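Novice: Take a look at this one; I'll ask things after.
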Amino acid sequence: MWIPGEPIKLGILASGNGSNFEAVAEAIAQGRLNAKIQVLIYNNPEAKVAVRAANRDVPAVLLNHRHFPSREDLDRQIVQTLHQYDVSWVIMAGWMRIVTPVLIDAFAERIINIHPSLLPSFRGIQAVEQALAAGVKIAGCTVHIVVPEVDSGRILLQAAVPVLPDDTPQTLHQRIHQQEYRILPAAIALAARQ
């Protein structure tokens with residue numbers, strides 16, 4: 001568990017470009033978040049997040065989900081790796097895999113996810129596309145605690161983004177990402193204090 005005053009020991013799970021990883025690392029570097037990224041775990045061999053981790057001297061471990069017979073087997077290896085690196089809090093920063101109780105129970109109330117909608121609206125995949133299809137005027141992002149039901153845990157922080165008349169999934173995603181980068185580090189600090 002986290003001791004106030006000491007850096008929060010983070011394990012980051014990511015599957016892609018790693019821009020949210022970068023936002024957390026930059027918040028730490030600028031002194032806005034008292035934390036240390038102990039390890040990055042990524043599941044896609046092509047993920048650019050591994051390069052970002054290397055640039056920041058963060059250990060990176062590839063756990064390719066295709067090499068595991070089940071989600072539970074993958075999650076057991078994730079838990080083992082997180083324990084090996086002495087992680088206190090797990091940050092799902094663009095982790096494109098549904099996690100199981102194997103991981104959730106090992107870090108109960110200490111797994112944080114960032115989701116590109118104002119939950120409880122538009123859970124699951126393609127949240128931005130869901131929002132556009134529904135014709136909403138305000139979209140956004142949510143940082144929440146991970147529980148077994150997808151995108152349903154306790155909300156830590158949210159940020160709203162207006163939907164513009166000419167928005168495409170790409171343009172709306174881009175504006176939502178800017179808010180994700182702002183609220184994810186703040187939500188990590190908030191969660192650790194609670």
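We did not get these values from a lab; they are worked out from the coordinates using the rules stated. Remember, it's a predicted structure, so these values are computed and weren't measured experimentally. No Cβ is skipped: glycine too gets one built from the backbone with ideal geometry, and neighbour counts run over all protein chains shown.
Novice: When the helices in the chain are scored as -39500 (n - 2.57) per DSSP H run of 4 or longer and the sum is shared across all residues, what 222 nm value do you end up with, to the nearest 500 deg cm²/dmol?
Specialist: Value at 222 nm, helices only, nearest 500: -11500 deg cm²/dmol.
Novice: I want to check the label-to-label distance for Val51 and Ala189. Put each point 7 Å from Cα in the C-beta direction and report it in nm to one decimal.
Specialist: Label at Val51, label at Ala189, 3.0 nm between them.
Novice: Right, next: Could you tell me which GluC sites (Glu not before Pro) in region 23-73 are loop residues by DSSP with no more than 12 other beta carbons within 10 angstrom of their beta carbon?
Specialist: Answer in residue order: Glu46.
Novice: Continuing with this model, one more query. Can you pull out the GluC sites (Glu not before Pro) in region 96-194 whose DSSP state is coil and whose Cβ has at most 14 other Cβ atoms within 10 Å?
Specialist: Of the GluC sites (Glu not before Pro), the ones in loops of region 96-194 whose Cβ has at most 14 other Cβ atoms within 10 Å are Glu109, Glu149.
Novice: I need the phi-derived Karplus couplings for region 31-38: 6.51 cos²θ - 1.76 cosθ + 1.60, θ = phi - 60°, integer Hz, Gly and Pro marked x.
Specialist: Karplus-based 3J(HN,Hα) across region 31-38 equals x, 8, 9, 7, 8, 9, 7, 6 Hz.
Novice: To continue, here is another question. Can you give the percent of C-alpha pairs in the chain whose distance is more than 26 Å?
Specialist: Beyond 26 Å sits 28 percent of the P(r) for the chain.
Novice: By how many degrees, between 0 and 90 and to the nearest 10, does the Cα long axis of helix 71-84 differ from the longest principal axis of the chain?
Specialist: The angle comes out at about 60 degrees.
Novice: May I have the pair-distance distribution P(r) for region 151-194, computed from all Cα-Cα distances with 5 Å bins from 0 and rounded to whole percent?
Specialist: The distribution over region 151-194 is 5, 19, 23, 20, 16, 10, 4, 2, 0, given as percents.
Novice: Most fluctuating residue of Phe21, Phe107, Phe68 in a GNM of the chain with Cα springs under 10 Å: which is it?
Specialist: Of Phe21, Phe107, Phe68, the Gaussian network model singles out Phe68 as fluctuating most.
Novice: Let me ask something else. Can you list which of the trypsin sites (Lys or Arg not before Pro) found in region 137-194 are DSSP loop residues with at most 12 other C-beta atoms within 10 Å?
Specialist: Qualifying residues, ordered by number: Lys137, Arg154.
Novice: Among all the lysines, which ones have a C-alpha under 26 Å from Lys9's C-alpha, if same-chain residues fewer than 8 places away are not counted?
Specialist: Lys36, Lys48
Novice: Further question: Which one, Ala159, Ala14, Ala29, has the greatest fluctuation when you compute a Gaussian network model over the chain with C-alpha springs under 10 angstrom?
Specialist: Taking springs between Cα atoms under 10 Å, the residue moving most is Ala29.
Novice: Compute the separation of the alpha-carbon centres of region 97-175 and region 61-76 and state it in Å as a whole number.
Specialist: Region 97-175 and region 61-76 have Cα centres spaced 24 Å from each other.
Novice: Quick one: if you stick a label point 7 Å off each Cα along the C-beta vector at Ile125 and Ile98, how many nm between them?
Specialist: 1.1
Novice: Calculate one ³J(HN,Hα) per residue across region 135-150 by plugging θ = phi - 60° into the Karplus curve 6.51 cos²θ - 1.76 cosθ + 1.60, and present them in order as whole Hz with x for glycine and proline.
Specialist: Along region 135-150, the couplings run x, 5, 9, 10, 10, x, 9, 9, 9, 9, 6, 7, 10, x, 7, 4 Hz.
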